[in-house]
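One structure is given below, encoded as structure tokens.
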Amino acid sequence: PFIYALALDQGLIHPLTLLADTPRSFSGYDPENYDGSFRGPIGAASALRSSRNVPAIALAARLKNPNFYGFLHSAGVAFLSEENHYGLSLVLGGAEVSMRELAGLYAMLGNKGVWRPLRFLHGTGREDTALPLLSPEAAFVTLSMLEDGDPDRQVRSQRGATLPLRLKTGTSNGFRDAWAVGMVGPYVLVVWLGNFDNRPNPLLVGAISAVPLFTQ
């Protein structure tokens, strides 16, 4: 979502901008999608919701001041290596990002683009740190782009209001981690499934394993 948020802020797209989901080579790297297919021209919002890889990589290559690495670094992601180490894998989730860092990133979307460090107990942490890394408009539109109108992606509050689920999933290489991260009303929720000894499991797929927990 943050690639699209930056692209919105930098005037590269709007939610209905057509992006190319077609076979493409990036310096010898030929990315594919999880389902093994390409959809051709696709709207930016649809490309984001369905996690199409080529449009995301192409957009990230056009980002400037900041680029994707610089943005994540400003938002508290403690990379273990320099930018050149990750290359295109950064776009597709190839960097080391903790659950806390993910929570902070999504909280920024809900906080009108302002990043703040997480506080674990009342009265702890630096309350004066507030970094406006995205415009309020880009944060709002990005959250709207994550909504797909599916009734299975909605929950009801205790007062009966319908709340949309704005979430993304992730599956690590080798089926070692399944993620679901997003917002439910004013709350950020992060779900991780995996084995503590890093053993793979073919069922560790974000959409299959983590989303059912997220939506309960």
Restricting the first residue to the stretch 18-45 and requiring it to be over 23 Å from L167 (Cβ atoms), which pairs with a second residue that is open to solvent by less than 90 Å² (accessible area, probe 1.4 Å) and in a strand (DSSP E or B) meet a Cβ separation below 6 Å and a spacing of at least six or different chains?
F38/D21
With respect to L80, determine if the residue is surrounded by fewer than 15 Cβ atoms within 10 Å (Cβ to Cβ), farther than 24 Å from S135 by Cα and modelled with pLDDT under 95.
yes
Just to be sure I understand, how many residues within the stretch 176-205 are assigned to a loop (DSSP other than H, G, I, E, B) and either of a type in the set (F, W, Y) or at negative phi (or both)?
12
Considering the stretch 154-179 alone, what residues qualify as being among the basic types (K, R), within 14 Å of the chain's Cα centre (by Cα) and surrounded by fewer than 20 Cβ atoms within 10 Å (Cβ to Cβ)?
K168
Enumerate the helices (runs of 4 or more DSSP H) found wholly within the stretch 1-88, keeping only those where 1 or more residues are touching a Phe, Trp or Tyr at 6+ places or on another chain (Cβ under 8 Å) and of a type in the set (D, E).
83-86
Hey, does the stretch 140-157 have a residue that's among the aromatic types (F, W, Y), outside any loop (DSSP other than H, G, I, E, B), farther than 19 Å from A103 by Cβ and modelled with pLDDT of 95 or more?
yes
Meets criteria (open to solvent by 30 Å² or more (accessible area, probe 1.4 Å), modelled with pLDDT of 95 or more and more than 25 Å from L165 (Cα to Cα)) for S74
yes
Right, S98: at pLDDT 90 or above, open to solvent by 40 Å² or more (accessible area, probe 1.4 Å) and hydroxyl-bearing (S, T, Y) or not?
yes
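Matching residues to (1) of a type in the set (A, V, I, L, M); (2) open to solvent by 70 Å² or more (accessible area, probe 1.4 Å):
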| residue | (1), (2) |
| --- | --- |
| A7 | yes, no |
| R24 | no, yes |
| N33 | no, no |
| G40 | no, no |
Is there a residue being under 22 Å from L131 (Cβ atoms), out of contact with any helix residue (DSSP H, G or I) (no Cβ under 8 Å at 6 or more places or on another chain) and open to solvent by 30 Å² or more (accessible area, probe 1.4 Å) anywhere in the stretch 104-116?
yes
What number goes with the only condition from (1) touching a strand residue (DSSP E or B) at 6+ places or on another chain (Cβ under 8 Å); (2) open to solvent by less than 40 Å² (accessible area, probe 1.4 Å); (3) within 22 Å of D9 (Cβ to Cβ) that L90 does not pass?
(1)
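The values are calculated or read from the model by the stated rules, or taken from the named source; none is laboratory data. Because the structure is a prediction, the values reported are computed rather than measured. Ideal geometry is used to build each Cβ from the backbone, glycine not excepted, and the neighbour counts take in all protein chains shown. Just so you know, the surface numbers come from the protein's heavy atoms only, side chains and all, with ligands and any DNA or RNA stripped out. Shrake-Rupley method; radii C 1.70, N 1.55, O 1.52, S 1.80 Å.
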